[in-house]
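Below is one structure; the comments refer to it alone.
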Amino acid sequence: EPGDNARVYDAYNLKLITSFNVPDKTSYKHVKTKFRINGKAIKTLQNFANKSTLPDGKRNGSIRIPQFMRFLGENYIFNEQVNVIVLGNPIYHDSKTPAFSMNFGAIPSDGHLFNSTSKTPFGIDNANLLKNMYVHFAYIGEDWKQNEQHGFFVKRFWRLFIEKQGGKFVTFTGDLPTLFHRIKTNTSATAHNFTIDDTDKLEMIVLKPPQIKYSPIYERPVTTTAPSRSDVIHAQNVEFGLSWDCKSCDMDLYVRPLPNAKTLYFNHIQTPLGRYWKDFLKSPKSTNGYETISLSVPVDLRSVLIAVNFYNGTAPKGINGELRISWNGKTYAKNFTIPATSGNKGQDRENILQNGKASNSHWIIIDPITVIGWDIDQNR
C-alpha cells in the first residue's frame, strides 16, 4: 500500500536482491503506477530468477534459514512489527556444514537451541535477535518431507528456533494465498504446547519411518523360545530398540555391529552396516523418542557390542529400561537398571566402547546372548 516498502533477499547467499517502494500518496494505489515506479526492481528480480542455479543440496528452492534469520537480526533493528516472508524449501542443507544437513529425513535435536553458533548453525547467541519479526513461511510442494511425522518435526523445530530468539512464527504453509491473507489480516501466531527438551546434546535425529507391514519393535510380542545357533550366527534384518521409564530422561543406545566397525549412535547415525533412528509410538511433543538401530547386513550376534548410557535428566531411584533385539520375525527383550541418579552426557564414551566394559554407573554393557535367552557360555 502507499507508504509501504519491501526488500527482497537471496536467502541462500544472504544478500539483498532489490527493494520495492510505494510513495505515501493516494495516486500510487493503482497497480500500474506501482509497477512503473518499481520497473528497475522488477527487472532485477527477473534477472535473479533467470540466473538462479541449484546449490550443492540439489533441492529446488534451497535457502539457509538459520543464517538468513541471523543476517536480518544482526543487520537491522526493527522497533515495530515487520513481516518476514520466507519462500523456499524448509530442509536445511549447506555443503559447508554437511553434518547438520536435514536431507534424508533428519531433524536437529532441541540441544542445538542451547548451543552457540560456534558449535552448530542452529545455535542461538541472542535471545532477542528476532524481536518484532513476524515470520511467514511458504514452502514449495510436499516432496521435502519424508512423511507427515517428519513434516511435523520440521515445522516444530523452526517454530522453536524463531521463538527462542524473540520472533513470532505465524505461518507455515504450502499455499501462497493463505500466507498473504494471514499477513493482510494481521493474524497472530497460534498457540502450541511444544515442550523443549532440556539438553545441550548436538544430535541430528533420523525418525524411524512408519512401519506398514510390521509394528514398531516396542509393540511386537516377545519370543519365549531361544533361537537356533544358525539364527544367531547368521542374523539378518536385525533391529535393536531401547525404551525406559523416565519421561524426562534421555538415554542413548550404542551398537557396534562387528569388531573394529564404527559404532552407530546419535552422533554417528549411518554407516554401510546400518542406521540409527528415533522411534515414536505416538505423536510426541518433544524429540526425546526411543532409540532404534537397524542393521543392513547379516551379523553374528555374538560379536555385536551393545552399550546404553544415561545421558541427561534426573532419576532419584535410577532408571529401569528394556532392550529389545528383533530379527527374522522374532523379538527378544531384556530388562536392565542403571543405578545412576542423573545423566553424565556420555562421559568416558570412547574408553567404554573401545574396551567393552562399563567403567561407571551411568553406563551398562548388554551382551546380546543374555537378551535372546542363551546362557552366557552357550555355544561360544
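The values are calculated or read from the model by the stated rules, or taken from the named source; none is laboratory data. A quick note: this is a predicted structure, and the numbers were derived from the prediction, not measured. Because the Cβ atoms are built from the backbone with ideal geometry, glycine has one as well, and the counts that use them run over all protein chains shown. What goes into the accessible areas is simple: the full protein's heavy atoms, side chains included, and nothing from ligands, DNA or RNA. Shrake-Rupley method; radii C 1.70, N 1.55, O 1.52, S 1.80 Å.
Pairs of lysines 8 or more apart, or on different chains, with alpha carbons under 19 Å: count those in the range 70-213, would you?
12
Give me the extension gain from Val297 to Asn320: residue separation times 0.36 nm, minus the current Cα-Cα distance, reported in nm with one decimal.
5.3 nm
Leaving out ligands and nucleic acids, and using a 1.4 Å probe, what accessible area per residue does the range 41-176 come to in Å²?
In whole numbers, the range 41-176 has 46 Å² accessible per residue.
With a 10 Å radius around each residue's Cβ, average the other Cβ atoms per peptide and rank 248-259, 14-25, 333-344, highest first.
248-259, 333-344, 14-25
Extension gain Ser188-Asp200, at 0.36 nm per residue separation less the Cα-Cα distance, in nm?
Full extension from Ser188 to Asp200 adds 1.3 nm.
Measure off, as a whole percent, the carbon and sulfur share of the 1.4 Å-probe accessible area of the chain, all protein chains present.
Its accessible area is 49 percent carbon and sulfur atoms.
Is the C-alpha gyration tensor of the range 306-362 telling us rounded, prolate or oblate? Criteria: a/c under 1.5 is rounded; beyond that, a/b larger than b/c is prolate, otherwise oblate.
oblate
Sorting check: for 322-329, 194-201, which peptide has the highest mean count of neighbouring beta carbons within 10 Å, and how do the rest follow?
Averaged packing, sorted descending, gives the order 322-329, 194-201.
Please turn the phi angles of the range 337-354 into ³J(HN,Hα) values with the Karplus equation 6.51 cos²θ - 1.76 cosθ + 1.60 (θ = phi - 60°), one per residue in order, whole Hz, x for glycine and proline.
With coefficients 6.51, -1.76 and 1.60, one gets 10, 10, x, 4, 9, 8, x, 10, 6, x, 4, 6, 4, 4, 5, 5, 5, 6 Hz.
Taking amide H positions as placed in the peptide plane 1.01 Å from N, state which residues far from Phe172 in sequence (5 or more) or on other chains have amide H under 5 Å from it.
Under 5 Å from the amide H of Phe172: Phe137.
Sorted from largest down, what three extents in whole angstroms do the Cα atoms of the range 1-48 have along their principal axes?
Result, largest extent first: 36, 18, 10 Å.
Averaged per residue, what accessible area in Å² does the range 221-380 show with a 1.4 Å probe, protein chains only?
Counting only protein heavy atoms, the per-residue value for the range 221-380 is 46 Å².
Just want to confirm a number: the relative contact order over the chain, from Cα pairs under 8 angstrom separated by 6+ residues, in percent.
The value is 12 percent.
For the range 283-343, what's the relative contact order in percent, using C-alpha pairs closer than 8 Å and at least 6 residues apart?
Relative contact order of the range 283-343: 32 percent.
About its Cα centre, what dipole magnitude does the chain give when the only charges are +1 on Lys and Arg Cβ and -1 on Asp and Glu Cβ, stated in debye to the nearest 20?
Magnitude of the dipole: close to 1340 debye.
Put a dot 7 Å past each Cα toward the Cβ at Asp10 and Asp175; how far apart are the dots in nm?
3.3 nm
Rg and Dmax of the chain, using alpha carbons, in Å: what are they?
Spelled out, the Cα radius of gyration and Dmax of the chain are 25.2, 91 Å.
Just name one of Gly318, Phe20, Phe104: the one whose Cα is farthest towards the positive end of the charge dipole of the chain (beta-carbon charges, Lys/Arg +1, Asp/Glu -1).
The listed residue farthest towards the positive side: Phe20.
With point charges of +1 on the Cβ of Lys and Arg and -1 on the Cβ of Asp and Glu, referenced to the Cα centre of the range 250-380, which listed residue (Trp277, Ile306, Gln354) lies farthest in the positive direction of the dipole?
Trp277
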